[in-house]
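Please treat every number below as a calculation from the coordinates, not as lab data. Quantities reported herein were computed from a predicted structural model and do not represent experimental measurements. Ideal geometry is used to build each Cβ from the backbone, glycine not excepted, and the neighbour counts take in all protein chains shown.
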Amino acid sequence: MAARTNEYEQPIGDALSGWTARERPGRVSIEGTRCRIEPIDVDRHAADLFDAYSQAANGSDWTYLTIGPFADLAAYRAYLTGAAASADPLHYAIIDQASGKAVGTFSLMRIDPANGVIEVGNVTFSPLLKRTALSTEAQYLLMRYAFDELGYRRYEWKCDSLNAPSRKTALRLGFQFEGIFRQTIVYKGRSRDTAWFAIVDKDWPGVKRAFETWLDARNFDADGNQRESLTGLRDAQARG
């Protein structure tokens, strides 16, 4: 398809007639089948989260985060108090519906209502959450909130370019890799090159269908093992 041009025959982007700034995300609760997302509450969540993170064998889960590890609950509560008060990033706890306990956190951040751009970040999943259907549902619920309820056009994922598990997760969730931005951050006394990924609104319908098919109870056997992978479902949809 030929690019649109202006009166000077210069190529220009697609028209966005009627575009208006989006709403900022709120301190909302979002119910899922396996999990619930809710705003951080220090008194309700701090002890559960610290206990969940303490299930890890070592501190390697904190290597690529700007925070942690935390020596004790008091130190974690102090961090979480600041996180709970923040509007950008806006932090949420992920609650396991089965246990009623918080097992991880993430945030919506770099919130740009005028351009409809938002990022999921500060993804801090405990061993009780990692590599579970619950973790996938949590990512889907937040993504659905950004696209379907708030109407954002672009949903970003960024990570240290050396963080191979995070890069793999982004691709599994349906983000497209967009490149490496060099020397973007200094954290924990070192330089970070940042890998950028995104899902845009035209990608979302297919990404959403794959999530919903994967999360359906029929996609899991009696032992809880997936029958079809999320990536496989998305690829099958793309093939038609």
Residue list for region 211-240, filter: closer than 19 Å to ARG154 by Cβ and hydrophobic (A, V, I, L, M, F, W, C): PHE211
- prompt: If we keep just the residues of region 104-123 that are part of a strand (DSSP E or B) and in contact (Cβ under 8 Å) with a residue 60 or more places away in the chain, which is surrounded by the fewest Cβ atoms within 10 Å (Cβ to Cβ)?
  reply: ILE111
statement: The residue from ALA75, ALA46, ALA52, ALA71 that alone is among the aliphatic types (A, V, I, L, M), surrounded by fewer than 19 Cβ atoms within 10 Å (Cβ to Cβ) and in a helix (DSSP H, G or I) is ALA75
query: List, please: which pairs have Cβ atoms under 6 Å, are six or more places apart or on different chains, and start with a residue in region 17-45 that is closer than 20 Å to GLN139 by Cα and end with one that is acidic (Asp, Glu)?
result: SER29/GLU38; GLY32/GLU137; ARG34/GLU137; CYS35/GLU137
